[in-house]
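Structure incoming, see below.
None of the figures in this text is laboratory data; all of them are computed from the coordinates on show. Here the structure is a predicted model, which means the values were calculated and not measured. In this analysis, Cβ positions are derived from the backbone assuming ideal geometry, glycine residues included, and neighbour counts consider all displayed protein chains.
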Amino acid sequence: MNTTIRPARTALPSAAAQLPKTKAEVSRERVIDAAAKIFAERGYAGTTMRAVATQVGLRAASLYYHYRSKEDLIEAVLARGMGSVADAVRVSLAALPPEATARARIEAATLAHLNSVVTSGDYALASRRVMGQVPSHVRRRLVSLRDAYSELWLELLESARAGGELRDEVDTHLARTFILGALNSVLDWYRPNGKTLREIAEQFAILTEGIFRRV
């Protein structure tokens with residue numbers, strides 16, 4: 001069975017996305033970028049608003065213009081980290097032709113996930129390492145984002161089953177857990193001077209071949 005993963009067409013940025021950012025928006029972006037890096041390195045408890053302000057060259061008081069508290073800041077970082085991966089996968093799936101098989105959709109989602117996790121850098125690291133450390137009320141608000149993305153993968157697997165591509169004995173909930181766990185682990189071992197993300201995705205497709213029916 002052919003496991004070559006072909007690149008999906010990418011969506012053009014919206015007109016709004018191409019508008020120049022205001023000075024306040026640029027400053028806010030600098031703050032959240034710095035926060036993602038510090039949260040990823042130091043964890044939630046080890047990060048202070050003063051440290052973030054220092055990183056971007058702002059007075060601590062000025063930081064509160066953008067984010068009222070450390071809780072607001074970590075929520076913004078984690079929401080962006082999770083949202084960027086989900087958005088990348090949805091764009092990749094939307095670019096596939098209507099006749100694409102369920103397996104082709106899973107392969108495209110795999111590559112998009114890997115690409116997004118690696119390119120989002122500190123945001124992805126913060127999402128992976130800090131989620132369990134944040135206050136419970138913040139985590140509850142973020143769980144819906146995580147669950148919506150997990151549901152997307154369950155739908156991909158169920159679609160494969162409905163189309164007769166998935167083996168009957170495969171537990172789609174467990175398969176989803178295994179797949180997402182393996183994909184997210186790329187943050188722990190990926191090196192830019194090793195295999196390309198496309199090569200890794202193709203290897204992943206080979207390793208998951210067993211869940212599909214042979215054709």
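Take each uninterrupted DSSP H stretch in the chain, measure its Cα extent along the helix axis, and return the ones at 27 Å or beyond whose mean Kyte-Doolittle hydropathy is at least 0.0.
Correct list, ordered by number: 70-94.
Further question on the same structure: Over the alpha-carbon set of the chain, work out the extent along each principal axis and list the three values in angstrom, largest first.
Per principal axis, max minus min of the Cα coordinates gives 63, 37, 34 Å.
Using 0.36 nm per residue of separation minus the Cα-Cα distance, give me the extension gain between Asn193 and Gln55 in nm, one decimal.
Once the chain is fully extended between Asn193 and Gln55, it gains 46.8 nm.
Same structure, new question: Please give the net charge around Ala175, taking every other residue with its beta carbon less than 15 angstrom from that of Ala175, where Lys and Arg add +1 and Asp and Glu add -1.
Around Ala175, the surrounding residues sum to -3.
Can you tally the net charge around Ser127? Count Lys and Arg as +1, Asp and Glu as -1, for every other residue whose Cβ sits under 10 Å from the Cβ of Ser127.
+3
Sticking with this structure for a sec: Anyone know which of Asp168, Asp122, Asp33 comes out most mobile in the 10 Å Cα GNM of the chain?
Checking each option, the largest mean-square fluctuation is seen for Asp168.
Still on this structure, please answer the following. Could you work out how far the C-alpha centroid of the stretch 117-148 sits from that of the stretch 165-211, in angstrom?
Answer, in whole Å: 20.
Taking only DSSP H segments of four or more residues, each worth -39500 (n - 2.57), what value at 222 nm results for the chain once the sum is divided by all its residues, to the nearest 500 deg cm²/dmol?
Rounded to the nearest 500, it is -21500 deg cm²/dmol.
Highest GNM mean-square fluctuation, the chain, Cα pairs closer than 10 Å: which of Asp72, Asp188, Asp147?
Highest fluctuation among the options: Asp188.
Tell me the relative contact order for the stretch 75-211 as a rounded percent, counting alpha carbon contacts under 8 Å between residues six or more apart.
Relative contact order here is 33 percent.
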